[in-house]
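Structure first, commentary second.
Just so you know, all these numbers are worked out from the coordinates, no wet-lab data involved. Please read these numbers as outputs of a predicted model, since none were measured by experiment. Quick reminder, even Gly has a Cβ in these numbers, built from the backbone with ideal geometry, and neighbours come from all protein chains shown.
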Amino acid sequence: MSYQAPLKDMRFVINELAGLQEVAKLPGYQDATPDTVDAILEQASKFASEVLDPINHIGDQEGSIWSDGEVRTPKGFKAAYQQYVEGGWGALPFDAAVGGQGLPKLVATAVEEMLTSSNMSFSLCPLLTQGAIHALELCGSDALKDTYLAKMIQGSWTGTMNLTEPQAGSDLALVRTRAVPHGDHYKISGQKIFITYGEHDLSENIVHLVLARTPQAPEGVKGISLFLVPKFIPNKDGTPGKRNSARCASIEHKLGIHASPTAVMVFEDAVGYLVGEENKGLSYMFIMMNAARFSVGLEGVSISERAFQRALAYAKERLQGRDLVEGAKTVPIIKHPDVRRMLMLMKSQTEAMRALAYVVAAAMDFAHKTRNKAHQAFVDLMIPVVKGWCTETGIEVASLGVQVHGGMGFVEETGAAQYLRDARITTIYEGTTGIQAMDLVGRKIAREGGATARAWLAELKKLDAKLAAHPEIRKALADGVKAVEECVDFIVGAKDPRVQFAGAVPFLKLMGIVAGGWQMARAALAAEKKVSEDKAFYEAKIATTRFYADHVLVQAPALRNTVVNGAAGVMALSEDQFLAA
Ligand SMILES: Cc1cc2nc3c(=O)[nH]c(=O)nc-3n(C[C@H](O)[C@H](O)[C@H](O)COP(=O)(O)OP(=O)(O)OC[C@H]3O[C@@H](n4cnc5c(N)ncnc54)[C@H](O)[C@@H]3O)c2cc1C
């Protein structure tokens, strides 16, 4: 069952919910006309279905292989990457001045969803490269930009993000890698682990962005600097030159994303160049991390879509059980109410997540081009929600995909199991869900007294009267808004951080399902006006919103109670009481 990009829903979300028309009026985005965007989506869909999807399963089975410091990607990956470069896909969201195509993040997001749905392992290489480009664009010196940016945007050189060390995972204050000044550069020494595409055979050079400490740097996060460490040190003419002493010691054997090499990197007096100023590395890295966090959130949407499509195809084919009304006849399992419930959970949450992610992408475009603080504040509030909620839900949806397949889901043959295994990393890397939730509660709500969250809730309240014709959706959304509002008050008022953080993940989930409900309600209202244009699609959108309200949004009040009352239970046991031996 090959991947089919959900172009109809993507176009609907891009135009009706995320407002492409307004985005295209922003300076520099004049090329994002409906025709151009349509053509890009069609081409990306073809590339995803015809090039990336066919090598997804083989990538999982074969995996990337390490030998003597080199990594060989699975069959077909090199050729596919070549096509990716030739298609100019990596250049999509970057300014024309630096060799990009100057298209909005909104459009690039839809393309990214397709690439990730069809082959998540492959998509990680562009994902990290794009994060590295952003950091260099904003913080790198002109000399670094001149040498590296064009090649990375074109895709002939790829980028990595080297943060994690054995003793420094969520807590980057513990980073130990050293950077000693040496003439016009630094000598970088240390070990990094879990580096995605830290070594591979897809591109002619790899540009590592590495967090390290200079000799006099203060302890903690205030003493971290960012360095660019190329695999091959560029010659004066820009071609890859001498091999740098940054080597891949091994790659990990892991639960999923087998084709994506996860490298242990060893730096031994490697030549590195300072990016920006000393000791400001973490704030630069946050530039990469915010872009990457959004993209990982989108992985949740992408894997959900793929898992849903496969489950739907299976449910239409698999004959089992009798029709509840007509009796004797054996029917495809899609006729059974419980299978339909699972498929609707998959479909409705995928659509809600897609809508939220694309709306946030459009807000990123507004924030980038207008420097409007309100847009940026909304983006900052929503990044941990997109990352945390979409990935946690992505795992649930992929797991439902296995369930729809029954036993065939648990064996590897159908591919359903791969989606669940691949999805499992998304709640861990780029900051675990726990870390996202603490960011949301601490930095994005408590620190500013809940101002952005309340401004956002005021937008949601404006929908209430418009939903009069849909009383169930209206009530579920109103209850959701009230639940978030009460939690915001609680978080802002809480004196003890343990109480604030004990309910952080349930609060993140609440924010996600309410934000998703907001978008689905907007979708239903937009669909209502267009039913005559495409009855099947728009009626389905309204019915899917109703399902989402009854099965997902309805959880909001219970989550509110967990956030407000749950801390007592979380903190009650002493560490010895956890296991009564
Ligand atoms: C396949 C893969 C690819 C990766 N790619 C990259 C990459 O390209 N570059 C890179 O630098 N890193 C990468 N990573 C590393 C990844 O970002 C880390 O694994 C992640 O940040 C979590 O760190 P940790 O594994 O050390 O877990 P820990 O930090 O040890 O966390 C363990 C548990 O404790 C919780 N926890 C930790 N601290 C707190 C706290 N203060 N409050 C509440 N809970 C807490 C966490 O939520 C988690 O549940 C990758 C990892 C994997 C597995």
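Descriptive notes on the structure:
- Looking across 442, 449, one residue alone is in contact (Cβ under 8 Å) with a residue 40 or more places away in the chain, away from the ligand (no atom under 16 Å from the Cβ) and touching a helix residue (DSSP H, G or I) at 6+ places or on another chain (Cβ under 9 Å). It is 449.
- Being under 20 Å from residue 280 (Cβ atoms), away from the ligand (no atom under 15 Å from the Cβ) and crowded, with 17+ Cβ neighbours inside 10 Å is a condition met by at least one residue of the stretch 194-215.
- Being assigned to a helix (DSSP H, G or I) and within 12 Å of the ligand (Cβ to nearest atom) is a description that does not apply to residue 301.
- Subset of the stretch 176-193 that is surrounded by fewer than 18 Cβ atoms within 10 Å (Cβ to Cβ) and within 15 Å of the ligand (Cβ to nearest atom) - its residue that is farthest from residue 274 (Cα to Cα): 191
- Criterion: crowded, with 17+ Cβ neighbours inside 10 Å and closer than 19 Å to residue 13 by Cβ - qualifying residue of 404, 386: 386
- Candidate set: the stretch 7-47, residues that are touching a Phe, Trp or Tyr at 6+ places or on another chain (Cβ under 9 Å) and outside any helix (DSSP H, G or I); chosen: the one surrounded by the most Cβ atoms within 10 Å (Cβ to Cβ): 18
- Applying the criterion of at least 2 residues that are hydroxyl-bearing (Ser, Thr, Tyr) to the helices (runs of 4 or more DSSP H) found wholly in the stretch 363-455 leaves 373-404.
- Boolean, residue 95 is of a type in the set (Asp, Glu) and in contact with a Gly (Cβ under 7 Å, 6 or more places away or on another chain): yes
- Residue 468 vs. criteria in contact with a helix residue (DSSP H, G or I) (Cβ under 6 Å, 6 or more places away or on another chain) and either over 25 Å from residue 374 (Cα atoms) or in contact (Cβ under 8 Å) with a residue 24 or more places away in the chain (or both): no
- Qualifying residue in the stretch 154-175 (condition: touching a Ser or Thr at 6+ places or on another chain (Cβ under 6 Å), within 16 Å of the ligand (Cβ to nearest atom) and either within 20 Å of residue 263 (Cβ to Cβ) or assigned to a helix (DSSP H, G or I) (or both)): yes
- Restricting attention to the stretch 259-278, the residues that are farther than 27 Å from residue 94 by Cα, more than 10 Å from the ligand (Cβ to nearest atom) and not small (Gly, Ala, Ser) total 6.
- Of all residues in the stretch 253-270, those satisfying the criterion of being touching a strand residue (DSSP E or B) at 6+ places or on another chain (Cβ under 8 Å) and surrounded by fewer than 16 Cβ atoms within 10 Å (Cβ to Cβ) are 254, 268, 269.
- Counted residues, the stretch 415-439 - those being away from the ligand (no atom under 11 Å from the Cβ), surrounded by fewer than 21 Cβ atoms within 10 Å (Cβ to Cβ) and hydroxyl-bearing (Ser, Thr, Tyr): 0
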